[in-house]
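Here is the structure we will look at.
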Amino acid sequence: MRAADDGGYQMVGHAAEPEPGPSDGDRRRRIRRATMTGAALTGLVVGGSVALQGLLAHFPWWFFAPIAGASVGLVTWAGGRIARESQVRAETLEPDEDVLGTYTVKPSFAPPRAPTTYESPAYQLRVTSRHLQLWQQANLLWTYPWSGLRLVTDGPLLRIFHQGQEAGVLTLERPGEVEEVRREARRLGAS
């Protein structure tokens, strides 16, 4: 999940899970705890608000209870997924590493499917104080240290080169974000 010792990168994703280590059980517990907390909190908030609205509207309990139950189930599942994704991303940070920005991108290889309302954007470029990372929801596709990176803008495209080879071609969602990422990269040591 981190940059390799030789300055390159280590692919991480759904198919290539990291080797189990001594703290792998702790990591899984932290992710599970975050997932359950996110699911419980979103379920309580939505379930309470639906039940309260039903009571205030003077509906009989048998009318709004199924609606509240269905909405709590869906929102609990979505809240758990979002919390899990956030915790998985937080686990990849090294000590004293900060997230400086997250940008929705469309890689050149991305399928044209848009995320549903409960999903985060399918692909995100995350700028940290030590790395540039490309995420597909909770899967880290690649991470590169700032040294050895070169970012080139080509209109709305951001071309990323690592050690002279093209690592990715990304289209950022909002205008002006390409230059923002490039400025931040130069400040952090990329060329």
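The values are calculated or read from the model by the stated rules, or taken from the named source; none is laboratory data. Here the structure is a predicted model, which means the values were calculated and not measured. As a convention, Cβ positions derive from the backbone with ideal geometry for all residues, glycine included, and neighbour counts pool all protein chains shown. These area figures cover heavy atoms from the full protein model, side chains too; ligands, DNA and RNA do not enter into them. Shrake-Rupley method; radii C 1.70, N 1.55, O 1.52, S 1.80 Å.
Miscellaneous remarks
- In Hz, Karplus ³J(HN,Hα) per residue of segment 60-67 (6.51, -1.76, 1.60; θ = phi - 60°; x = Gly, Pro): x, 4, 5, 7, 8, 4, x, 5
- Average accessible surface area per residue within segment 131-191, 1.4 Å rolling probe, Å²: 48
- Across segment 130-145, computed HN-Hα scalar couplings (Karplus, 6.51 cos²θ - 1.76 cosθ + 1.60, θ = phi - 60°) run 10, 9, 10, 10, 10, 10, 10, 6, 9, 9, 7, 7, 7, 9, 10, x Hz from first to last residue, x flagging Gly and Pro.
- In the full protein context, segment 31-115 carries 63 Å² of accessible surface per residue, based on a 1.4 Å probe and ignoring ligands, DNA and RNA.
- Distance in nm between pseudo-label sites at H58 and S191 (7 Å out along the Cβ direction from Cα): 7.6
- Of the solvent-accessible surface of segment 31-173, computed with a 1.4 Å probe over protein heavy atoms with every protein chain present, carbon and sulfur atoms account for 63 percent.
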